[in-house]
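Chemist: Mind looking over this structure? Questions follow.
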Amino acid sequence: MTVRMKPVDVALVGGGLTAAILGKELAEAGQTVVALERGGMRQTVPDFQSPTMHDELKYDVRHAYAQDVSVQTITFRNFVGQQALPMRQLGSFLPGEGVGGGATHWNGQTWRFQPEWFVLKSWAEQRYGRGFLDDDVTIQDWGITYEELEPYYTFFEKVMGISGAPGNIKGQIQVGGNPFEGPRSEPYPNPPMKQSHSGFLFGQAAAQLGYRPFPVPSANVTRHYTNPFGAEIKPCMYCGFCDPFGCEHFAKASPQVCILPFALANKNFEMRTHSYVLRVEWDRQAKVASGVTYVDAQGREVFQPASMVVLCAFAHHNPILMLQSRIGQPYDPETRTGTVGRNYTYQTMTGAEVFYDGEKRINPFMAAGALGTAIDDFNNGSFDHSGLGFIGGGYIAAYQTTGRPIYHHPVPEGTPRWGLGWKQAVRQHYNSTVSLGFHGSSIPHPNNYLGVDPTYTDAFGQPLGMLTYDFPYNDRLMARYITEKMAGIAQAMGGKQMSVGWLDDHYSIVPYQTTHNTGGAIMGTDPKTSVVNRYLQSWDLHNLWVMGSSVFPQNAGYNPTDTVGALAYWAADAMIKQYLKNPGPLVQP
Amino acid sequence: MAVTVPDHAAAEEHPVQVAQVGRQNALSSPPPRADLPAERGMLFFFNDEEARFVDAAVERLIPSDSEWPGAAWAGVLNFIDRQLAAAYGAGARMYLKGPWVPDAPPQQGYQLRYTPAQLYRIGIAETRAHVTSNYSGREFWDLGAPVMDEVLSSLESGAIELPSLPAPVFFETLLANTIEGFFGDPVYGGNRDMVGWRMVGFPGAYAQFIDLVELYNLPYTRPPISIGDTGARQAYLDGHTHDAQRQ
């Protein structure tokens, strides 16, 4: 028997970053808001405090803050026609669980997307011609431009106290920043981080090769800073325990530090923890969402009526929730019709290592999540793709994020995997190796999508979501081309040995790559090819909205959080200034 | 074009001396008390024969050498035993519902129906049975080191076929857990005396390097601390300048 709660104006599915943003803004606009979070509450004090937070086994290896897949997971297959099987353990990506979501235990690498990414299809056609890419490259324009989003990027970066060196202020290229970024209206609110030894060696070699190195933009904040709401953020201490840890120092921008206190202080806002949302309820006649059904902490099925529903869950959870709720037309890879689940994308990651064989001390444990030096010369808008046969790109960086030794013990190729040779190699190379990473874009393909599994169910008896994904040909070409450039920098860094980690032949759900899952409920200009309009409002139910990287039509060669935050403030603005005054579709198809 | 990287060559030329960093205790010196015999704590999961197998196997995966003890001395047996007796061994946070497709491609990940505890129990029993029938009735732990390595390599490659599970899955689990036990915090029963950390120079649970991060090539020699080191905890609290009471 379903328990029925008192109606609220807004139900938020999830209690992470976008829920914190919307919860605060909508509660202050006078709306009653409840956020339904599947996990529990956790705060800087007492939960994240030292020394117990510095536990690699508990947090990194056993995934204390990540989704519990014994309750709900997804199934996975590489290609249409293969039997999808459940992801029985976490691996490739780590969705968060608990208040604050992944933005509580992220690294803090906070990049804007280049302007070209938002108009990728029309930009590529104009620049390279219509025949440049084949039909399997289903890139799209977002329905929003960088120029429209820029004020929201700027605001989100102020909220989070982002620290960095600007590269382009109102069209003027700035020394020391990223010259390939879009124009920003203001500098970063805080100066860049210190430079690690890894970053120094990388930057020196990159500059010698004619590239333009700069410090990575960081949510590991570099000085005492008060954000526009009055939240105090403290300076990063470079402890080397960012992702997947909570920050003990109030120094890594997170919902808990920057936003949530102001939502929780508002009587219009409630964070309801241990509430697992099963589906969105909606009226088939009126075409509006009526609320959400969830399982509460006691295990009861509860209906929360709401005038507006916002999906603020992790990237692939949002489209899967829409499929479970039978909202919109599910994407079908056979006919290539339907929208929900379409254009699932990821991130194309490769790496390289430079071994100094004891000649340099890197001290990899003097680290922070966004402590890095990067070049953006090979992001999508930075170079000419003519004759290369692919679209996209990404940045190359030397991050010094951690020396935690269960996972960080680099050894050269050809080293035995265990035994005396391995042990001695680990000892020799642990403190004398620099790791580089290529953070590449992910281009949609008609066979890569999210659906509902026909066989496996979750703890609530619902079908699991099903992921079909492999690296598209476009991205293989892209990764090879830019990984070669990265290898050239690695070569120039003066090591004794180097190794290059090329893209695997097939995507695997097993090794950790990144938690930058994107797409499946994409934004756009046409209801036939997108799930939400440019304001992140559902084409099907005007009072249903989708936040997060679920809405990216393709993933750029950058980390997604800055764009996720900017889009949430952009959508909140549309809700408050337009929608609440006159509820209905903000864009006519 | 401007070079946008600050010049830190000066820092490279003047590495800060050890004394400026903290207490003297070079990480690169031999580990203290290495002459002590391996200690075995109470076993929660393994029986004595399973324990002999695991102790012998992990010592081949991370062996002792003339300078640094290996996994047996570091207590990796006790680490794995406690892990298997607790949530990890029981398959907590694993999706364990069927149906089962044990011969799935590697890209789809672990697809066996066993919890880690079950995987060890069966993997050990079947590996022992393989050894006794192929090595004149001897147990794994009675084989010489080169022969033990041969058996482990055959598990790793799948050259040995175990009746109930793919040998490489058992081997990879054992290897991963051995590395965890050698490098994880000592509070979990392995990494005795922080030997894994001392060997590579990882300082453990320190909370800040802000003043050191730009001193390139710094010989960092402060002894490591464990999260269970209550003295270190107090020192941390005494020196901690943040307002820990902030809500």
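Chemist: Whole Å is fine, so just give me how far the alpha carbon centre of the range A:257-325 lies from that of the range A:372-396.
Modeler: 39
Chemist: Here's another thing I want to ask about it. Given axes a ≥ b ≥ c from the Cα gyration tensor, I'd like to know whether the range A:219-360 is rounded (a/c under 1.5), prolate (a/b larger than b/c) or oblate.
Modeler: Verdict is oblate for the range A:219-360.
Chemist: Let me ask something else. Rg and Dmax of the range A:322-440 over Cα atoms: what are they, in angstrom?
Modeler: That works out to 20.8, 60 Å for Rg and Dmax.
Chemist: Give me the percent of the accessible area of the protein assembly as shown that comes from carbon and sulfur atoms, probe 1.4 Å, all protein chains in place.
Modeler: In the protein assembly as shown, the share of accessible area belonging to carbon and sulfur is 50 percent.
Chemist: With a ≥ b ≥ c taken as the square roots of the eigenvalues of the C-alpha gyration tensor of the range B:99-206, please select rounded if a/c is under 1.5 and otherwise prolate if a/b is larger than b/c or oblate if it is not? Display every interim value, and only then the final one.
Modeler: Values: a/c = 2.38, a/b = 1.36, b/c = 1.75.
It comes out oblate by the Cα gyration axes.
Chemist: Multiplying the sequence separation of A:Q285 and A:D573 by 0.36 nm and subtracting their Cα-Cα distance, what value in nm do you get?
Modeler: 100.8 nm
Chemist: For the range A:85-138, what is the per residue volume of the convex hull drawn over the alpha-carbon atoms, in cubic angstrom?
Modeler: 160
Chemist: Still on this structure: How would the range A:3-579 be classified by its alpha-carbon gyration tensor: rounded, prolate or oblate, with rounded meaning a/c under 1.5 and the a/b versus b/c comparison settling the rest?
Modeler: Judged from the Cα gyration tensor, the range A:3-579 comes out rounded (a/c under 1.5).
Chemist: I want the local charge near B:P224. Using Cβ-Cβ distances under 11 Å, sum +1 for each Lys or Arg and -1 for each Asp or Glu among the other residues.
Modeler: Once positives and negatives cancel, what remains is -1.
Chemist: Once R0 is set to 25 Å, what does the formula 1/(1 + (r/R0)^6) return for the Cβ-Cβ distance between B:D142 and B:A176, expressed as a FRET efficiency to the nearest 0.05? Present the calculation step by step, with values, prior to reporting the outcome.
Modeler: Details: r = 26 Å, r/R0 = 1.04.
After rounding to 0.05, the efficiency reads 0.45.
Chemist: Among DSSP beta bridges whose residues both lie in chain A, state the antiparallel percentage, nearest 5. Mind showing how you got there, number by number?
Modeler: On the way: 55 of 82 bridges.
Antiparallel: roughly 65 percent of the beta bridges in chain A.
Chemist: Points 7 angstrom from Cα along the Cβ direction at A:L477 and B:D211: gap in nanometres?
Modeler: 5.5
Chemist: Further question on the same structure: Can you work out ³J(HN,Hα) from phi for every residue in the range B:200-211, in order, using Karplus 6.51 cos²θ - 1.76 cosθ + 1.60 and θ = phi - 60°, giving whole Hz and x for Gly and Pro?
Modeler: Listing the rounded values in order: 9, x, 7, x, x, 8, 5, 9, 7, 9, 4, 7 Hz.
Chemist: Taking N as the number of residues in the range A:148-200, what value does Rg over Cα atoms divided by 2.2 N^0.38 Å take? Can you show the working numbers first?
Modeler: On the way: Rg = 11.7 Å, N = 53, 2.2 N^0.38 = 9.9 Å.
For the range A:148-200, the normalised Cα radius of gyration is 1.18.
Chemist: Ignoring ligands and nucleic acids, what accessible area does A:K577 show with a 1.4 Å probe (Å², nearest 10)?
Modeler: In the full protein context, A:K577 sits at about 120 Å².
Chemist: Still on this structure, I have one more. Whole number please: convex hull volume per residue of the Cα set in the range A:191-287, in Å³?
Modeler: Working: hull volume 22.1 nm³, N = 97.
Here the figure is 228 Å³ per residue.
Chemist: What number comes out for accessible area per residue over the range A:3-579 if the probe is 1.4 Å? Units Å², please.
Modeler: Values: 17570 Å² over 577 residues.
Averaged over the residues of the range A:3-579, the accessible area is 30 Å².
Chemist: With a 1.4 Å probe and all protein chains in place, put A:T468, A:T222, A:T455 in order of accessible area, largest first. If you can, show how the numbers build up before the last one.
Modeler: Working: A:T468 0, A:T222 35, A:T455 70 Å².
From most accessible down to least: A:T455, A:T222, A:T468.
Chemist: Grab the Cα-Cα distance for A:F383 and A:Q462, subtract it from 0.36 nm times how many residues apart they are, and report the gain in nm with one decimal.
Modeler: 23.8 nm
Chemist: Using a 1.4 Å probe and counting only protein heavy atoms, how much accessible surface gets buried when B and A come together, both sides summed, in Å² to the nearest 100?
Modeler: Summed over both sides, the interface buries about 7400 Å².
Chemist: Now for a separate question. To the nearest 500 deg cm²/dmol, what mean residue ellipticity at 222 nm is calculated for chain A from DSSP H runs of n ≥ 4 alone, each contributing -39,500 (n - 2.57), summed and divided by the residues?
Modeler: Theoretical 222 nm ellipticity from helices: -6000 deg cm²/dmol.
Chemist: What's the center-to-center distance, using Cα atoms, between the range A:110-183 and the range A:522-589 in Å?
Modeler: 17
Chemist: How large is ³J(HN,Hα), in whole Hz, for each residue of the range A:544-552 in order, when computed from phi with the Karplus curve 6.51 cos²θ - 1.76 cosθ + 1.60 and θ = phi - 60°, using x for Gly and Pro?
Modeler: Those phi angles translate into 10, 10, 10, 9, x, 6, 3, 8, 5 Hz.
Chemist: Give me the accessible area of A:S307, 1.4 Å probe, in Å² rounded to the nearest 10.
Modeler: Rounded to the nearest 10, that gives 70 Å².
Chemist: Something else now. Got a sec to turn the phi values of the range A:212-223 into Karplus ³J(HN,Hα) couplings, 6.51 cos²θ - 1.76 cosθ + 1.60 with θ = phi - 60°, whole Hz, x for Gly and Pro?
Modeler: In residue order, the calculated couplings are 10, x, 7, x, 5, x, 9, 9, 8, 6, 9, 7 Hz.
Chemist: While we're on this one: In Å and on Cα atoms, what radius of gyration and Dmax does the range A:502-589 show?
Modeler: Just the Cα atoms of the range A:502-589 yield Rg and Dmax of 15.4, 53 Å.
Chemist: With a cut-off of 13 Å, note down the residues of the range A:337-358 whose backbone N falls inside the zone around a label point 7 Å from the Cα of A:W502 toward its beta carbon.
Modeler: A:351
Chemist: A follow-up question, please. Using a 7 Å offset from the Cα along the Cα-to-Cβ direction at both A:L420 and A:R326, what is the distance between the two label points in nm, to one decimal?
Modeler: Computed distance between label sites A:L420 and A:R326 equals 6.8 nm.
Chemist: Given a cut-off of 24 Å, name the pairs among A:K58/A:K252; A:K252/A:K496; A:K58/A:K267 whose C-alpha atoms lie farther apart than that in the structure shown.
Modeler: Flagged as over cut-off: A:K252/A:K496; A:K58/A:K267.
Chemist: Which far-off residues, 5 or more places away or on another chain, put their amide H under 5 Å from the one on B:G190, with H placed in the peptide plane?
Modeler: Residues meeting the amide H criterion: B:F79.
Chemist: Could you sort the residues of the range B:178-194 by number and keep only those whose accessible area is reduced by 30 Å² or more in the all-protein-chain setting relative to the chain alone, 1.4 Å probe?
Modeler: SASA drop of 30 Å² or more in the range B:178-194: B:I179, B:E180, B:F183, B:Y188.
Chemist: Could you quote the convex hull projected area for the range B:29-166, Cα atoms only and averaged over all directions, in nm²?
Modeler: 10.2
Chemist: Just the Kirkwood number for the range A:1-126, please: inverse of mean 1/r across all distinct Cα pairs, in Å, one decimal.
Modeler: That comes to 18.3 Å for the range A:1-126.
Chemist: To the nearest 0.05, what FRET efficiency results for A:E28 and A:V587 with a Förster distance of 45 Å applied to their C-beta separation?
Modeler: So, using R0 = 45 Å, E works out to roughly 0.95.
Chemist: OK, next. For B:S66 paired with A:T529, estimate the spin-label separation in nm (one decimal), with each label point 7 Å from Cα along the Cα-to-Cβ line.
Modeler: 6.9
Chemist: Can you give me the solvent accessible area of B:S157 with a 1.4 Å probe, rounded to the nearest 10 Å²?
Modeler: 90
Chemist: May I ask you to derive the FRET efficiency for A:N266 and B:T230 from their Cβ-Cβ distance with R0 = 35 Å, giving the value to the nearest 0.05?
Modeler: 0.30
The values are calculated or read from the model by the stated rules, or taken from the named source; none is laboratory data. Since this is a predicted model, take the numbers as computed values, not measurements. Glycine also receives a Cβ, built like all others from the backbone with ideal geometry; neighbour counts cover every protein chain displayed. All accessible areas refer to the heavy atoms of the entire protein, side chains included, with ligands and DNA or RNA removed. Shrake-Rupley method; radii C 1.70, N 1.55, O 1.52, S 1.80 Å.
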